[in-house]
Amino acid sequence: MSGVGSAGSERPAELLLECQGLHVAYGAIQAVRGVSLSVRKGEVVALIGRNGAGKTSLLRAVSGMLRPADGRITLEGKDITGMPSHLLVARGMAHAPEGRGIFPNLTVEENLGLGAWLRTDADGVAADEAWVLSLFPRLKERWAAAAGTLSGGEQQMLAISRALMSRPRLLLLDEPSLGLAPQVIQLIFRILADVNGKGVSILLVEQNAHLALNLAGHAYVLETGEVAMEGAGKALLQSEDVRRAYLGE
Amino acid sequence: MSDFLQHVINGLSAGTIYALVALGYTMVYGVLKLINFAHGDVMMMGTYVGYASALQFKQRGGFGMASVLAIFFLSMAACAAVGWLIERFAYRPLREKPKLTALITAIGISFAVSYGFQMDWGFLPGPNPRAFPEVIRRQPWLTLLDGEVTLWNWQVISFAVALGLMAGLQYLVFRTRFGRAMRAVSHDHRTAALLGIHTDRVIAVTFMLGSALAAGAGILFAIKDVKIEPLMGTQQGLKAFVAAVIGGIGNVPGAVVGAVLLGLVEEFVVGYTASSWRDAVAFGFLILVLLLRPEGLFGRVTAEKV
Amino acid sequence: MVPPGLRGVLPVVLACLALAAGQRLFGGQEFFVYVASLVGVNVVLAVSLNVVNGMTGQFSIGHAGFMAVGAYAAGRLSLPLGDVAVSGLPVAASDQLLFAVSLLAGGVAAAACGFVVGLPSLRLKGDYLAIVTLGFGEIVRVIIQNTPALGGALGLSGIPQRGSLFAVWLCAFLAVLVARRIAESSHGRSLTAIREDEVAAEAMGVNTTAYKVRAFVVSAFFAGVAGGLFAHFVPIINPGSFTFVKSMEVVVMVVAGGLGSTTGSILAAVVLTLLPEALRSGFNRFAGEGAGAVVDQVRMPVYGLLLVVLMLARPQGLFGTRELWDRRKGQGARP
């Protein structure tokens with residue numbers, strides 16, 4: 001594992017999420033082998049790597065969809081290893097999974113509403129809904145449509161909006177750019193920067209290394225389940241190895 | 001013509017009752033992707049609870065509106081409890097195991113309950129059919145075509161109860177927050193959990209609702225057919241399941257349509273051939289549907305996720 | 001040691017000799033013959049169902065339906081053949097030959113039903129097969145009840161009682177042989193692949209539907225043979241012998257023995273046939289005539305509970321997917 005020079009780009013001090021020696025396995029197949037990473041408060045952290053490198057499995061372990069075989073995960077200092085997903089939402093985590101995970105049989109309105117499932121402050125929910133619709137006005141236009149009829153880009157907007165409706169402190173995003181047109185991707189990444197600006201920390205898994213590294217304050221490169229490199233996003237963008245392996249240069 | 005109309009009425013009567021049971025199957029399949037073989041037998045238990053209550057009321061002087069309501073309520077509450085128990089202790093532990101395991105368990109429960117109730121032991125009723133007390137004094141409510149066609153009062157009540165319960169369920173599933181969560185869990189329980197939804201609780205409530213509806217159906221069956229016996233759950237239950245499959249398993253309105261269709265077809269086949277073919281109708285209909293349109297009338301063709 | 005050409009035939013020949021001896025020794029004792037025949041029939045049923053439910057991981061619960069088809073087909077064929085003799089053979093041999101023909105007819109009829117039922121349903125998701133097979137069993141029962149030529153609800157009697165210990169256990173032996181051959185062949189490995197992960201198997205190029213249907217048809221064939229055997233050692237057959245309860249009995253045997261283990265199926269079939277008989281006789285002897293009836297009442301709910309307890313506590317049953325002959329060959333546990 002090599003660290004790339006992070007001259008000048010200091011990471012925020014406060015720890016939000018930390019994984020220590022995480023192992024995730026599917027039966028006999030080791031997807032994640034001893035990964036340690038952290039997300040600081042206010043950061044955007046990117047996880048890049050090839051298909052099958054273990055990025056999605058890692059995210060699933062963090063959000064409680066999978067039980068890690070070994071290792072520890074802490075959120076704001078508290079141990080959350082193996083905690084079921086629905087409890088983690090109450091602790092300020094939201095996960096927009098791979099494939100968006102929107103409910104096609106429910107309307108946009110209903111999907112969004114479910115994002116606020118645990119919240120009891122009706123005013124706050126209304127305010128957040130307004131905010132989210134200001135980020136993605138397209139959703140307002142498709143308000144009563146069944147989410148299954150939305151385009152890929154619209155579904156991704158819905159997935160992110162829905163995740164934001166729980167007012168998370170940590171947003172986990174799995175491959176937001178997958179299958180989307182370039183303009184839509186640009187829009188989404190711009191919005192993600194805005195969202196981060198509002199104080200939401202983001203752990204982003206992305207195949208599109210260029211976009212991810214541009215956005216990220218800090219990044220990890222995963223190869224066959226292990227952290228091969230880490231460093232400041234901009235620094236990794238400059239790195240020879242990264243450019244050759246992941247940026248096609 | 002009069003025969004035809006009478007068959008239509010009778011078919012709708014049976015069909016709406018089947019619908020109540022079919023809804024339970026379809027809801028449980030929706031959230032768990034499991035055929036709850038024991039569902040029909042839970043219905044049977046509800047019928048016997050109703051029977052016991054009815055006997056009590058009979059002793060105390062008879063059946064007014066309040067006692068009939070009480071019979072329904074007690075039966076539905078008892079079945080909701082049983083449904084909760086079965087889900088909690090027989091199905092939940094097996095949720096991450098292969099589907100076959102849960103299917104075998106479901107059949108085991110069905111067998112144990114239906115044949116258990118056939119035993120002559122303690123409070124178990126034994127194999128002999130009983131006659132459900134006449135909680136509603138039978139009177140024709142409407143006659144057509146010079147008395148050739150009769151719509152009975154108990155049929156009207158049966159329609160009212162069945163439709164009322166279905167409307168209630170419809171409201172719950174499509175217009176409440178909890179119903180939204182039910183639909184979400186039904187589509188993808190892992191993602192639903194990511195939103196903070198307590199899937200275990202949603203699944204438990206789904207089971208309880210389905211069981212309560214089945215209990216209501218059980219009482220209605222008892223009022224309709226009068227004869228009750230421990231194996232009625234497996235028989236009627238399986239037919240209701242077939243109805244759910246015909247409508248598209250997992251699809252709520254489909255279950256109702258399938259059930260009404262089945263009720264009508266069954267009634268017509270039996271009416272125009274012989275009652276000894278009754279039991280084969282449902283399965284024959286099922287095999288036809290599975291051959292021609294396996295996803296059912298309203299089902300979606302789902303590609304299996306790899 | 002043994003020349004390859006003879007290796008297939010030798011076990012069968014040895015079995016025939018052993019069984020003939022057994023027939024000689026025990027053939028006279030009626031009750032023993034009856035119970036032993038019942039056990040043999042159940043062994044054939046369990047071993048054949050195991051091919052579908054155990055080896056291929058499907059859920060067929062209508063085995064009694066195939067048994068019924070075989071019983072009635074074989075029985076119906078034997079009735080007119082009862083007075084027929086094949087010229088040139090001694091009467092006993094002719095009788096047995098015609099018996100074998102009837103059995104074969106029963107098996108083929110059941111196999112044909114297996115094909116007709118299996119082909120459409122095995123294309124569908126696993127859950128549906130259970131309902132379809134259940135329905136099949138019920139439809140067969142209803143058809144028989146409504147067909148006077150088959151005796152209707154009262155039953156078909158007068159079938160020449162040509163069954164014998166030898167015949168029943170020879171068929172049992174053959175069924176086990178076939179099951180074992182299937183399991184140990186590449187065919188069996190495909191079935192295992194389908195059981196473990198059907199989607200993956202399909203992706204690897206296995207024609208899952210074809211394999212499933214083949215397993216289903218073979219299984220139905222033997223169930224039909226079992227039915228045919230049954231018809232020839234009980235004085236009368238009626239739809240009541242082939243109900244869903246019978247199907248479930250066989251399911252319990254296969255599950256308790258271990259889904260996928262032929263040895264397990266055999267053992268469970270033996271135990272679960274003998275145990276109720278023994279208990280019933282015991283009750284009758286010690287608690288007065290008629291006390292044994294309680295065994296029949298309790299048997300079904302106990303089977304149901306057994307299934308539940310097994311799934312919760314020991315889903316692999318007695319043997320899991322292992323076989324007695326694995327250890328001898330030093331193979332150990334198979335996947």
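The values are calculated or read from the model by the stated rules, or taken from the named source; none is laboratory data. All values reported here derive from a predicted model rather than from experimental measurement. Note that we place each Cβ from the backbone using ideal geometry, even for glycine, and neighbour counts take in every protein chain shown.
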Of residues in region C:41-66 being β-branched (V, I, T) and touching a Leu at 6+ places or on another chain (Cβ under 6 Å), the one surrounded by the fewest Cβ atoms within 10 Å (Cβ to Cβ): C:I61
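Would you point out the residue of region A:104-140, among those that are acidic (D, E) and surrounded by 12 or more Cβ atoms within 10 Å (Cβ to Cβ), that is nearest to the other protein chains (Cβ to nearest Cβ)? Talk me through it step by step, then tell me what you get.
Step one: filter region A:104-140 for residues acidic (D, E), giving A:109-110, A:121, A:123, A:128-129.
Then keep just the ones that are surrounded by 12 or more Cβ atoms within 10 Å (Cβ to Cβ); that gives A:109-110, A:128-129.
Numbers: A:E109: 10, A:E110: 5, A:D128: 14, A:E129: 15 Å.
Top of the filtered list is A:E110.
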Residue in region B:7-24 that is in contact with a His (Cβ under 6 Å, 6 or more places away or on another chain) and within 22 Å of B:A181 (Cβ to Cβ) present: yes
One residue from C:V84, C:V116, C:V101, C:V91 being surrounded by fewer than 16 Cβ atoms within 10 Å (Cβ to Cβ), among the hydrophobic types (A, V, I, L, M, F, W, C) and within 14 Å of chain B (Cβ to nearest Cβ): C:V116
Some residue of region A:33-51 being surrounded by fewer than 24 Cβ atoms within 10 Å (Cβ to Cβ), free of Cβ contacts under 8 Å to residues at least 60 places away in the same chain and under 28 Å from A:D194 (Cα atoms): yes
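Could you tell me whether region C:144-156 includes any residue that is surrounded by 23 or more Cβ atoms within 10 Å (Cβ to Cβ) and more than 10 Å from chain B (Cβ to nearest Cβ)? Don't jump to the end; show me each part of the working.
Start the filter on region C:144-156 by keeping residues that are surrounded by 23 or more Cβ atoms within 10 Å (Cβ to Cβ), which leaves C:144.
The next check asks that each one be more than 10 Å from chain B (Cβ to nearest Cβ); those that pass are C:144.
Yes, some residue in region C:144-156 is surrounded by 23 or more Cβ atoms within 10 Å (Cβ to Cβ) and more than 10 Å from chain B (Cβ to nearest Cβ).
Out of everything in region C:294-315 that is at pLDDT below 85 and surrounded by fewer than 19 Cβ atoms within 10 Å (Cβ to Cβ), what residue ends up being farthest from C:V51 (Cα to Cα)? It would help to see each step written out before you state the result.
Taking region C:294-315 and keeping what is at pLDDT below 85, we get C:294-297.
Next cut, surrounded by fewer than 19 Cβ atoms within 10 Å (Cβ to Cβ) only: C:294, C:296-297.
Values: C:V294: 33, C:D296: 28, C:Q297: 30 Å.
Applying the filter and picking the extreme gives C:V294.
Table: residues versus (1) surrounded by 18 or more Cβ atoms within 10 Å (Cβ to Cβ); (2) at pLDDT below 90; (3) in contact with a strand residue (DSSP E or B) (Cβ under 7 Å, 6 or more places away or on another chain); (4) within 30 Å of A:G82 (Cβ to Cβ).
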residue	(1), (2), (3), (4)
B:P129	no, yes, yes, no
B:V135	yes, yes, no, no
B:E148	no, yes, no, no
B:Q155	yes, yes, no, no
B:S158	yes, yes, no, no
B:L172	no, no, no, no
B:A184	yes, no, no, yes
B:A192	yes, no, no, yes
B:L195	yes, no, no, yes
Hey, A:A145 closer than 24 Å to A:E175 by Cβ, over 22 Å from the mean Cα position of the chain (by Cα) and among the hydrophobic types (A, V, I, L, M, F, W, C) or not: yes
Odd one out for A:S177 among (1) of a type in the set (S, T, N, Q); (2) in contact (Cβ under 8 Å) with a residue 24 or more places away in the chain; (3) within 14 Å of another protein chain (Cβ to nearest Cβ): (3)
Test: residue in region B:247-255 that is in a helix (DSSP H, G or I), within 23 Å of B:A90 (Cα to Cα) and either touching a Cys at 6+ places or on another chain (Cβ under 9 Å) or not charged (D, E, K, R) (or both): no
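Criterion first (within 11 Å of another protein chain (Cβ to nearest Cβ), of a type outside the set (S, T, Y) and either in a loop (DSSP other than H, G, I, E, B) or touching a residue at least 24 places away in the same chain (Cβ under 8 Å) (or both)) does C:I131 satisfy it?
Values: within 11 Å of another protein chain (Cβ to nearest Cβ): yes; of a type outside the set (S, T, Y): yes; either in a loop (DSSP other than H, G, I, E, B) or touching a residue at least 24 places away in the same chain (Cβ under 8 Å) (or both): no.
In short, no.
Quick check: is even one residue across region C:75-87 of a type outside the set (K, R) and within 18 Å of the chain's Cα centre (by Cα)?
First pass over region C:75-87, keeping only residues of a type outside the set (K, R): C:75, C:77-87.
Adding the requirement that they be within 18 Å of the chain's Cα centre (by Cα) leaves C:75.
Within region C:75-87 (the criterion being of a type outside the set (K, R) and within 18 Å of the chain's Cα centre (by Cα)), the answer is yes, since at least one residue qualifies.
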Qualifying position, being in a helix (DSSP H, G or I), closer than 30 Å to A:L118 by Cβ, among the aliphatic types (A, V, I, L, M) and under 14 Å from the mean Cα position of the chain (by Cα), among B:A259, B:A212: B:A212
Among (1) closer than 30 Å to A:L106 by Cβ; (2) touching an Asp or Glu at 6+ places or on another chain (Cβ under 6 Å); (3) surrounded by 24 or more Cβ atoms within 10 Å (Cβ to Cβ), the one test that B:G233 misses: (1)
Restricting region B:201-221 to residues that are in contact with a helix residue (DSSP H, G or I) (Cβ under 7 Å, 6 or more places away or on another chain) and over 14 Å from B:V42 (Cα atoms), the residue that is surrounded by the most Cβ atoms within 10 Å (Cβ to Cβ): B:L220
Selected residue (criterion: modelled with the highest pLDDT) from residues of region C:162-208 that are over 24 Å from C:A46 (Cβ atoms) and in a loop (DSSP other than H, G, I, E, B): C:N207
